[in-house]
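K.L.:
Here it is, the structure in full.
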Amino acid sequence: MALVCCENLTIGYEGVPVVGNLGFQIEPGDCLYIVGENGSGKSTLVKTILGLMKAIGGTITFDESVNRFGIGYLPQINNNQKNFPASVLEVVLSGCLNKKGLTPTFNKADKELVATNLEKLNILDLRNKCFAELSGGQKRRVLLARALCSMEKLLILDEPLAGLDPKAQMEFYKTLEDLNEKERMTIVVVSHDLQNALKYGKHVLHLAGDVTFWGGVAEYKNNALGAYFSGGVRYDG
Amino acid sequence: MMDEIMEMFSYPFIVRAVVVGVMVSLCASLLGVNLVLKRYANIGDGLSHVGFGALSIALSLNALPAMTKYFRIEPLPFTIVMVVLLAFLILRISENSKINSDSAIALVSTASFTIGVMFISMTTGMNTDVCNTLFGTILAMSKRDVYLSVVLSAVVLFLYIFFYHKIFAITFDENFARATGIRVNIYNMLLALLTAFTIVLGMRIMGSLLISSIVVIPALSSMRLFKTYKLVIVSSAVLSVVCFLVGITISYMNKTPTGASVVAVNLTVFFLVSATAYFKRSILR
Ligand SMILES: Nc1ncnc2c1ncn2[C@@H]1O[C@H](COP(=O)(O)OP(=O)(O)O)[C@@H](O)[C@H]1O
Ligand SMILES: [Mg+2]
């Protein structure tokens, strides 16, 4: 049974569609890359799946196991947090909040979960640093740690690689691959980078106006749309 | 100096003003951190204009001969209710329509101010009551007002501390909070409600023209001093209370208006902190 199943989905703002008639599924253990140009509706799709905005038409069905608390989210970087005074620990702890109900304080288990996730992402030594003063790559890792604290199954990342240098990008891809393969997490990544999407992903969802493609990576390479967009690029394996 | 301070506290009206002032300074400085970080600092100023409008309506109606005979509007409770209602109205306007929050605040606050001014000009005209509403007075607090203020600010402090982590989450990243199932709209409403209470309670002493400065300035000073959320919150609270106590003492000794004196102390601290930060940076470079 798919974790998330979208049928005939039309998304957009105030009744004006950005993308129409989307159909795709996210299977347990999947690693789905959502690709497309700027403005093609990738973030809009992510926000609709997360329930931050309403779909114009169609349905999204969630598996029982993905209750509202089962989706971890790494938002597209926003400038509001530029001068925000907060330590890494404070930011990551806030990922535990959704399980707390009305309890006003964090307990030992929450703090251990935070430490585990910081450790997993190799940023335990940053825990007392000011979030706003970290590098782009470090910030992304901190926000990923926060997302890991909030989720049980499914992780959605909106352009986690934007603005990172090539080395940091590679490390981030590796981290995502590890989470997918070793921790068996289902991962959805929004990205611009088609080549690495095809290298690290299992499925691809390509948004391009009226035409969309959803399917396995191998299939995508043989598909007309895929051939068009990746035209001239050679793949190893 | 010590004698003068002792003498100052022998006046019951000053003790009342100090008690209420300290509580309100605490509330305002805590909420101020979140409002500044959410880029919502204008709401303090907007609500103080609403407060002016409501208070003017109450005072001018009470001055009508026909009114005094039969019944009287209690100014403080009436103002609290009106400001809370309009705080929610501002939230709704900015959430549900194309008018953004800045414009929503401007719209509601100028409208309330206008209505207040109209009421005044049609009844009492400019008098000391109006001046006191604008610039504040420590004489305004009746015993009943003090009880109400203390209870309400205690409620504000309790709710703020109880929901501390949630308020952090919706301030740091509203979308993430919403996506992971936190009821962001409810906590935004809570923030508006607490701000409304704080503004009205502080308005009597600080004046409606100046109350929003004790919301904003301690937060700004603290953000120059500290880099973690908790330290900024604590520092904002401490600075605010200290500045209030120093300010009200100065105002007593030099016969200056309380509100303006407190704001002057706050501004001095802000200036000192900024200068220190600036020199530290240029030396380190
Ligand atoms: N808040 C908004 N209101 C109206 N239109 C929007 C809003 N945000 C984005 N859009 C439009 O929706 C389209 C898709 O945007 P988005 O999903 O952010 O693209 P992507 O993430 O793929 O770059 C764009 O054409 C953009 O102009
Ligand atoms: Mg986007």
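K.L.:
Please check: in the Gaussian network model of chain A (C-alpha springs, under 10 Å), which one of A:Y33, A:Y220, A:Y13 has the largest mean-square fluctuation.
P.N.:
Maximum fluctuation in the GNM of chain A, among the listed residues, is at A:Y13.
K.L.:
Another question about this same structure. I want to verify the translational diffusion coefficient of the protein assembly as shown in µm²/s; compute it with Stokes-Einstein, Rh as the Kirkwood radius over Cα pairs, at 10 °C and 1.306 mPa s.
P.N.:
62
K.L.:
What's the angle, to the nearest 10 degrees (0 to 90), between helix A:108-120's Cα axis and the longest principal axis of chain A?
P.N.:
The two axes meet at around 50 degrees.
K.L.:
To continue, here is another question. Tell me the relative contact order for chain B as a rounded percent, counting alpha carbon contacts under 8 Å between residues six or more apart.
P.N.:
31
K.L.:
Which number comes out as Rg/Rh for the stretch B:2-284 once both Rg and the Kirkwood Rh are worked out on C-alpha atoms?
P.N.:
Result for the stretch B:2-284 is an Rg/Rh of 0.99.
K.L.:
For A:K199, give me every one of the aspartates and glutamates with a C-alpha distance below 17 angstrom, ignoring sequence neighbours fewer than eight places off in its own chain.
P.N.:
A:D30, A:E159, A:E171, A:E177, A:D178, A:E181, A:E219, A:D236
K.L.:
Quick one: divide the alpha-carbon radius of gyration of the stretch B:157-236 by 2.2 N^0.38 Å and tell me what you get. The partial results should precede the final answer.
P.N.:
Values: Rg = 14.0 Å, N = 80, 2.2 N^0.38 = 11.6 Å.
Taking N as the residue count of the stretch B:157-236, the ratio is 1.21.
K.L.:
Could you work out how far helix A:136-150 tilts from the main Cα principal axis of chain A, as a 0 to 90 degree angle to the nearest 10?
P.N.:
Long axis of A:136-150 versus the principal axis of chain A: about 80 degrees.
K.L.:
Next question, about the same structure. Structure shown: which of A:K47/A:K153; A:K129/A:K153; A:K54/A:K111; A:K111/B:K280; A:K42/B:K166; A:K54/A:K174 lie over 26 Å apart, alpha-carbon to alpha-carbon?
P.N.:
Among A:K47/A:K153; A:K129/A:K153; A:K54/A:K111; A:K111/B:K280; A:K42/B:K166; A:K54/A:K174, the Cα-Cα distance tops 26 Å for A:K129/A:K153; A:K54/A:K111; A:K111/B:K280; A:K42/B:K166; A:K54/A:K174.
K.L.:
Another question about this same structure. Given the stretch A:152-222, report the % of alpha carbon pairs whose separation exceeds 14 Å. Show your work: numbers first, answer last.
P.N.:
Numbers: 1565 of 2485 pairs.
Everything past 14 Å amounts to 63 percent.
K.L.:
While we're here: Using just the C-alpha positions of chain A as equal point scatterers, what log10 of I(q)/I(0) does the Debye formula give at each q in 0.09, 0.10, 0.14, 0.17 1/Å?
P.N.:
Debye curve over Cα of chain A, log10 I(q)/I(0) at q = 0.09, 0.10, 0.14, 0.17 Å⁻¹: -0.39, -0.48, -0.94, -1.34.
K.L.:
As an exercise, use a Förster radius of 22 Å and the Cβ-Cβ distance of B:T256 and B:V117 to find the FRET efficiency, rounded to the nearest 0.05. Spell out each step's value before the answer.
P.N.:
Numbers: r = 26 Å, r/R0 = 1.20.
Computed FRET efficiency for B:T256 and B:V117: 0.25.
K.L.:
While we're looking at this one, here's another question. Quantify how strongly other chains surround peptide B:164-173 by giving the mean number of their Cβ atoms within 10 Å of each of its Cβ atoms.
P.N.:
Mean partner shielding for this stretch: 6.
K.L.:
Given the DSSP H assignment, sum -39500 (n - 2.57) over each helix run of at least 4 residues in chain B and divide by its residue total; what's the result at 222 nm in deg cm²/dmol, nearest 500?
P.N.:
After summing the helix terms and dividing by the residues of chain B, the value is -28000 deg cm²/dmol.
K.L.:
Assign one of three labels to the stretch A:112-233, namely rounded, prolate or oblate, based on the Cα gyration tensor with a ≥ b ≥ c the square roots of its eigenvalues; rounded applies when a/c is under 1.5, prolate when it is not and a/b is larger than b/c, and oblate otherwise.
P.N.:
prolate
K.L.:
How crowded by other chains is B:179-190, given as the mean number of beta carbons from other chains within 10 Å of each beta carbon?
P.N.:
On the way: counts 16, 18, 10, 5, 0, 1, 0, 0, 0, 0, 0, 0.
Mean partner shielding for this stretch: 4.
A short reminder: the numbers here are calculations on the coordinates, not readings from a lab. Since we're looking at a predicted model, the values are computed, not measured. Note that each Cβ is placed from the backbone with ideal geometry, even for glycine, and that neighbours are counted across all protein chains shown.
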